[in-house]
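Okay, so here's the structure we're looking at.
Values quoted throughout were computed directly from the atomic coordinates according to the rules given, and no laboratory measurement underlies them. Since the structure is predicted, the reported quantities are computational estimates derived from the model, not experimental observations.
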Amino acid sequence: MKKILLAVDNGHFPEGAFRFARKFNEMEAITLCGVFLPDLDYATSISYAPVLIPLTETYAMGSIQQSMQTFREYCNRDDIHYLEHHDVTETPLKVLRKESLFADLLLFSSEKFYADLLYGPGGFLGNALHETACPVIAVPENAAFPESVILTYDGSASSVFAIKSFAGLFPQLCELKTTLLYGGTGDSLPPDASGIQELVQHHFPHLTMEPIQTIPEDYFNTWLSEIPNPIVVSGAYGRSLLSRVFRRSFVEDTLRAHQVPVFIAHR
């Protein structure tokens, strides 16, 4: 039974992320741990240092009661085994760092994920993704559950680790139509082609491989929109993978415009 964290910040219950948790529970029984955080002040969380000031326990507990009640009602309704964790005396980054150490997966609401990209890698979620000790899925509120998978690969150990992590956590999703996007031109092969082909073909039976540069930049949004409800698998957040292999617009424009869920794992 997987232990999945659901990050709930003050006053913003992540409906889309919870729907993903419900689908995971339908595939295989999970334990869903609601992690209730004090309000996240994104305006002051641009620096890497956690500058958020913990709220007083009386005020914070009173302000998250509705989210906690919603979480309980949803879990009981959908027959999901659940836990509740909260620490209003600590900063959210420290809470997520500790909780993720003892979990298989963390689900975020990505309504704030995409807004946070505007702040760059120093924003709250950028920091959280570097701090977390388990893989993360950033889920848009209106995202459908995945019907296809996009694996991003640049030959790095990080990108391979993400692919293996996704396959280990979600063997059912590996049965979906899958595209391996890699850096290259024309008919060029991916880095360490024989190794990556052997790995992905053993996990993803419905696989195609495509170099990212063969897709004209002006038509990339159209290309992505033609893929049925994809989830993007990434080995890192920021320059260590996506901005090297993919155009900046893939991260900051295409994903935001199309509301695509993103699975991120780092070593």
Could you give me the ³J(HN,Hα) list for the range 204-212, computed from phi with Karplus coefficients 6.51, -1.76, 1.60 and θ = phi - 60°, whole Hz, x at Gly and Pro? 10, x, 10, 10, 10, 10, 8, x, 4
Give me the extension gain from Trp223 to Ser194: residue separation times 0.36 nm, minus the current Cα-Cα distance, reported in nm with one decimal. 7.8 nm
